[in-house]
Each structure stands twice: as C-alpha cells, then as structure tokens.
Amino acid sequence: MTKTGTEWWRPGLYARRRPNLLRRMAILAAIRGYFAGEDFVEVETPALQVSPGLEPHLKAFATELERPDGSRALLHLHTSPEFAMKKLLAAGEEKLFQLAPVFRNGERAALHHPAFTMLEWYRAGDDYRRLMQDCEAMLRAIATRIGESRLRWQGLEADVAGPWEYLSVHEACRRHGGIDLAACIGADPLQPDLAAMRAACTGIGLRVDAGDSWDDLYFRLALERIEPKLGLGAPTVLYDYPIHMAALSRPKPGAPHLAERFELYACGVELANAFSELTDADEQLRRFEADMALKRQLYGHDYPIDADFIAALRHGLPDCTGIALGIDRLVLLFCHAERIEEVLWLPVSDI
C-alpha cells in the first residue's frame, strides 16, 4: 500500500508552492468578484449528509453522528454540495454559488485528491446555455485578474481569451473517435445497442472485454481517444449527451434522445460538468434507485437516498441549471503545475 508521507510544511517545499498559492487566492477572489457582479448569493451547506452523492462509481467517506440521547446515525462526507444547494433553490433562492470542500475516497493521482475544492453554482429560470456563458466570462475574468490567460498541462495549452470550441458528443465521437454514435445507440435511446457499440469499437482497434457494458465502452473511447484531444488551443465545451447518460439532467426540448448536459475541458483535462436540471421527483427517484442497484451489482453496497431531497423536489424545484467545477484543477492549469498537491496549502497526509 502506497502512503504519501511528504512533509509538505518543510520551508523549502512550501516556498516552491507559495507562488501557486498566492495565485490561488487571486483566482478565488476573481471568482467571488464575478458572482458578486451577477448578483449571486454565496452559501455554505453542511459537508455531513445522509447521502454523499449517488454516482455509482464514486466512493464516499462514512462517519457516525452521535445524538444527545446517545443514539447514532450513519452520515457521509459529501462528494458534492448538489443536494443541499438544490434544497435552497426549492426554498426560493434563484442564483447561488458555493466554494465547497468535498471528499472522494480512493482517488489520488496527478489530477485527483481525496479532499478538494468544488465550485458549484445554480441559476433558476435558465438552462445549460447560460452556464456556458458563465464559464467563458468567469475564466476570462480570472485571466484579467492574474494577468495570465493561458492554461497549461503536460505540454498542452489552451488560451481562455480567444474563441472557445463547442462540440457535440456525437460530433466528438465521429471526429476524434472514428465512430457513428447514433448507429451505436440504435432505435431505443434508453436501451443502447451493445452489439453495435462492440462492433464499432472493435473496428477502430479499441479494446473490448467480454463483460463490457455499453457505457464501459463509451468511457474507454472517451478516455483513450476523445478527451486527450479536447481543450487544445482553446477550452472545449462538450455538449448534448445521449439521454441514457443524462445523470441529473433533463431531456433536450425537440430532441428527447439527448440530455441537456455539457462538460468543460482544457488541455485534455475535464474541469466541469453541467446540466439543465431534472425537476421531476419521480423520475429523479427512479434514476437514483437504478444507480444504486448498479452500485450494489458492481461493489456490493450502496448509499442512502436522501428522502429530504426528494421531498424538496416534490415541493417544487424551479426550472434551473447547475454546474460543478474543480477549483484545484483550474488553479493547476492557470499555474502551469503538474500535480494537484502543488496548488494546495497542505495536501492530505496519511502517515
């Protein structure tokens, strides 16, 4: 088992990181300035939640709450502040953002850390196109504040000041992956054609294993062939996912086989994931139950569904759009650093 026992407080190591940390401060100030100019409220929600987030492949940290009467309840450190922030939308807030410490277990690499900072924001009455505008305007505001518009990582570069690239998932698969995604989905957008996807991936020389699902093959295609070519020269907005990959997003009006979802990339690095939010409580509950069934199948356990969140949806979540952006990755790219630890005041130590 690998341990990360570097003494990051050593003056020499700290001195080398300090310019990055000062730039981090300036980036956070620019972000807060942008949202102040857009009349957002900054909120703070509890890191301790019943449900840590229900994406099937995420691993959460669990803990135990002791009540005054001595009884105990299982809680988790959240992997995202999403559920809590949507409760505030149901309460009546219309524009809100949060710079939240979040926690994901089993993740530590150049672009991953078990504790990191997530920027999440929501707009009531808008859709994902408004968040695309936010991303461009905010990153340009950061560039102006710090005097640097170029993002860099591993020899790749993206300039936030120039025109951005907007690319649909279907077009990205054709251009960078060499497959026709519509043909690989088939007639039923909710039950994509695994045989067609296997044949297409085999045809382009992608590894296909016996137990691979349709999504397994898509994510391998994305990881190996598509993502490394996104955000080169300029940031890329990858938009309109197949509806069965909708996650928490709603179907696209006029094109119900697509979900109003986008991801932001720069230098081949995923920075953000955004949705026109699903507001139907019954459909949301169905998706949560399906995700947790998959989690049990893959990992032998699941996480609780937050009944209070479903109740808030039933009370009424307004039409809204929301996005989560990884602050540490963004700072890393603006600092031209190589690893997340280089832009953290102190990384998590496990010695």
Förster-model FRET efficiency, 25 Å R0, Asp215 and Asp308, C-beta, rounded to 0.05: 0.30
Percent of Cα-Cα distances greater than 24 Å, calculated over region 206-316: 40
Peptide ranges 116-123, 163-170 listed from the most packed, as the mean C-beta count within 10 angstrom indicates: 116-123, 163-170
Label-point separation, Glu283 to Arg67 (7 Å along Cα→Cβ), nm: 3.6
Highest to lowest packing among 265-277, 189-201, scored as the average C-beta count within 10 Å: 265-277, 189-201
Amide N of region 319-339 lying under 11 Å from the label point, which is placed 7 angstrom from the Cα of Ala161 along Cα→Cβ: none
Relative contact order (percent, whole number), region 1-155, Cα cutoff 8 Å, 6+ residue spacing: 22
Per residue solvent-accessible surface (Å²) - the chain, probe of 1.4 Å: 46
Ranked by how many other beta carbons lie within 10 Å on average, peptides 79-90, 306-317 from highest: 79-90, 306-317
Residues in region 314-350 reached by a label modelled at Thr6 [backbone nitrogen below 18 Å; 7 Å Cα→Cβ]: 328-350
Mean Cα-pair separation over length for the chain, i.e. relative contact order, pairs under 8 Å, 6 or more apart, %: 23
Residues with amide H under 5 Å from that of Phe61, placed H, sequence gap 5 or more: Leu77, Asn105
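With the cut-off at 30 Å, report for the chain the share of all Cα pairs above it, as a whole percent.
Result for the distance tail: 40 percent.
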Across Lys59/Lys86; Lys229/Lys295; Lys87/Lys252; Lys95/Lys252; Lys59/Lys95; Lys86/Lys295, pairs whose alpha-carbon gap is larger than 26 Å: Lys229/Lys295; Lys59/Lys95
Three-way shape call for region 3-132 based on the alpha-carbon gyration tensor, with the a/c threshold at 1.5: oblate
Computed lengthening from Gln297 to Ala183, 0.36 nm per intervening residue step minus Cα-Cα distance: 38.2 nm
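If I compute solvent accessible area with a 1.4 Å probe over the protein chains, what percent of it on the chain is carbon and sulfur? Let's see the in-between values first.
Numbers: 8520 of 16050 Å².
For the chain, the apolar C and S fraction of the accessible surface comes to 53 percent.
The values are calculated or read from the model by the stated rules, or taken from the named source; none is laboratory data. From a predicted model like this one, the values you see are computed outputs, not experimental measurements. Counting neighbours? That spans all protein chains shown, and the Cβs are built from the backbone with ideal geometry, glycine included. Surface areas here come from the heavy atoms of the whole protein model, side chains and all, with no ligands, DNA or RNA. Shrake-Rupley method; radii C 1.70, N 1.55, O 1.52, S 1.80 Å.
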